[in-house]
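Below you'll find the structure, written out as structure tokens, and then a few comments.
The values are calculated or read from the model by the stated rules, or taken from the named source; none is laboratory data. Everything quoted here is computed from the prediction, not taken from an experiment. In this analysis, Cβ positions are derived from the backbone assuming ideal geometry, glycine residues included, and neighbour counts consider all displayed protein chains. Accessible surface areas use protein heavy atoms only, side chains included; no ligands, DNA or RNA. Shrake-Rupley method; radii C 1.70, N 1.55, O 1.52, S 1.80 Å.
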Amino acid sequence: MTTILWGLTIYLLILALFQIGMVTLFCRWLSTAKFVPRTAADIEFCPTVAIVLSVRGQDPSLAKSLQGLSEQEYAGAYRIFVIIDHAEDAAVPVVTKFIADVETGFESILGTTPSGRCSLKCDRLIQVISQLPVEYEVVCLIDADTIPDRRWLSSLISPLQDPKIAAACGNRWFYPDRIGNGNQATTWIGGWGSMIRYLWNSAAIVQMYVYGVVWGGSLAIRRTELKETGLLDVWSKSLFDDVLIKDHFQANGWQVVSVPELLIANVEHVSLRGAIEWIKRQLLDARLYHRNWPLILSHAIGSSLLWIMLFALLFIGFIASDGLAMFWSGALLGSLVVMNYGLLIALEVSANANINRRRDWLNLPPINWLTGRRCAEIFFGVFLVQVGFGYAAIWAAFSRRMRWRGCEYHIRGKFDIEIIDYQPFRPKNGAESGSIE
């Protein structure tokens, strides 16, 4: 047993150095965000932009997302194209009413019969983008659960001033509580589903930065490069639209960057089952379309096995009345908990500071979320999120079928996708809103 404990000690040290190094890189990158007045070059760079929002189901943030898009402070011309999956979709009345109220700047489009060879989202993006008039120089993608502030568009396209950059993206930061408009979070607790999603994303966002994983919920692509590299053809046989983008553009000699100024707060509630399903989809996206999937999978399985083995050795030591084994394995387990907890707190402090710097730049009240109570919830959530991470990674590694917003997909290969059963999206139990991740 001593040999095993020595091996686990060395592995824990390696894991600690790896995770601390990645978190340090991410936090340093966040600190480079510049919330300053726009320069003359920024103001002069204002290409005509088409913003594409693909909708299937009535997201609880949909109305706020549309409102945010209508209030952009952007010197150039832009238009929002909202494509709704089906005429019977629950989002139709929300979108129709909003567009009727604002009158200008929006165009609503109904999805056509899907090809059945790619995801519905990819299919809808292709439908809109392939028909855009030639004057649109930049295409921006946004998800219905993304609520953009008034300078979202100008921040997102700013990196495209560099002719070597073909695409730029932001990233999301989940809060497990509904955040109020004032200085304090409300006392309503999002539940363990929201907490698990928050904790997992807090760790995953570090790997997204280090490995160059693109988020399609806030993404700008130069139209010329999109067309020249055949991205629409790739989407026409893909399950997801975002993670594949970086490798696709790099293979064609273009750069893709993440924008540290665009860490976007998301406060939607999600059930525990919804959180696990969401994590599984994120990892499946990485498995299918990212070159560093073996590293991501190894980290997920290796870190999960470390937890399991330490708990097992602690139990065996207790049964065998082996005080040394109990002390050693307990010390390692405690070190693992403290390390993960400390890194999560460091990430929360750094990310929340970034978000509040932007809010101050926009003259909005800060979000003061982290309290003693939340710190305790994070502590108890460390083990739960590790269990969810390991399970979701194993599922993603072997899954050949996936359900996403009421639609089932058969995955024969990363570019061999089939829709099994397409139906208009209908919320469960007749609900018209709520998280539909």
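Answer with yes or no whether G230 is open to solvent by 10 Å² or more (accessible area, probe 1.4 Å) and at positive phi. Yes; evaluated as a whole, the condition is true for this residue. Only residues that are small (G, A, S), open to solvent by less than 40 Å² (accessible area, probe 1.4 Å) and under 23 Å from Q131 (Cβ atoms) were counted across the range 71-115, and they come to 4. E261 is checked against (1) acidic (D, E); (2) open to solvent by less than 10 Å² (accessible area, probe 1.4 Å); (3) under 28 Å from P37 (Cα atoms) and fails just one. What number does that condition carry? Here E261 clears every test but (2). Please work out if A63 is surrounded by fewer than 19 Cβ atoms within 10 Å (Cβ to Cβ), in a loop (DSSP other than H, G, I, E, B), touching a helix residue (DSSP H, G or I) at 6+ places or on another chain (Cβ under 8 Å) and among the aliphatic types (A, V, I, L, M). No; evaluated as a whole, the condition is false for this residue.
One line per residue, one yes/no per condition, for (1) outside any loop (DSSP other than H, G, I, E, B); (2) more than 23 Å from R172 (Cβ to Cβ); (3) of a type outside the set (A, V, I, L, M):
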site: M339; (1), (2), (3): yes, yes, no
site: V349; (1), (2), (3): yes, no, no
site: N354; (1), (2), (3): yes, no, yes
site: D360; (1), (2), (3): yes, no, yes
site: P365; (1), (2), (3): no, no, yes
site: V382; (1), (2), (3): yes, no, no
site: E418; (1), (2), (3): yes, yes, yes
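Within the range 394-405, residues that are modelled with pLDDT under 95 have Cβ atoms under 8 Å from residues that are β-branched (V, I, T) and part of a loop (DSSP other than H, G, I, E, B) in these pairs: R405/I436, counting only partners at least 6 apart in sequence or on another chain.
Taking the conditions (1) outside any helix (DSSP H, G or I); (2) surrounded by fewer than 18 Cβ atoms within 10 Å (Cβ to Cβ) in turn, H269 satisfies each one other than (2).
Hey, any hits in the range 313-324 for a residue that's of a type in the set (D, E, K, R) and part of a helix (DSSP H, G or I)? Checking the range 313-324: not a single residue is of a type in the set (D, E, K, R) and part of a helix (DSSP H, G or I). With respect to the conditions (1) open to solvent by less than 30 Å² (accessible area, probe 1.4 Å); (2) without any contact (Cβ under 8 Å) to a residue 24 or more places away in the chain, N363 lacks only one, and its number is (1). For first residues located in the range 229-246 and in a helix (DSSP H, G or I), partners that are of a type in the set (F, W, Y) and lie 6+ apart or on another chain with Cβ distances below 7 Å form the pairs L244/Y289.
Within the option set T48, T32, being in contact with a Phe, Trp or Tyr (Cβ under 6 Å, 6 or more places away or on another chain) and open to solvent by 30 Å² or more (accessible area, probe 1.4 Å) holds for one residue only, T48. Note on the range 304-328: residues that are surrounded by 14 or more Cβ atoms within 10 Å (Cβ to Cβ) and farther than 24 Å from L199 by Cβ amount to 8.
Please go through the range 1-22 and give me each residue that is of a type outside the set (V, I, T) and within 22 Å of G317 (Cβ to Cβ), ordered by number. The answer is M1, L5, W6, G7, L8, Y11, L12, L13, L15.
Considering (1) without any contact (Cβ under 8 Å) to a residue 24 or more places away in the chain; (2) within 24 Å of R357 (Cα to Cα), the lone condition that L13 does not fulfil carries the number (2). Within the range 384-391, the presence of a residue that is open to solvent by less than 10 Å² (accessible area, probe 1.4 Å), β-branched (V, I, T) and either within 30 Å of H290 (Cα to Cα) or touching a residue at least 40 places away in the same chain (Cβ under 8 Å) (or both) is excluded. Take the conditions (1) crowded, with 18+ Cβ neighbours inside 10 Å; (2) among the aromatic types (F, W, Y); (3) within 22 Å of G302 (Cα to Cα); Y341 misses just one of them, which is (1).
Restricting attention to the range 142-152, does a residue exist that is more than 27 Å from H269 (Cα to Cα), at pLDDT 95 or above and out of contact with any Leu (no Cβ under 7 Å at 6 or more places or on another chain)? Checked against the condition, which is being more than 27 Å from H269 (Cα to Cα), at pLDDT 95 or above and out of contact with any Leu (no Cβ under 7 Å at 6 or more places or on another chain), the range 142-152 yields no hits at all.
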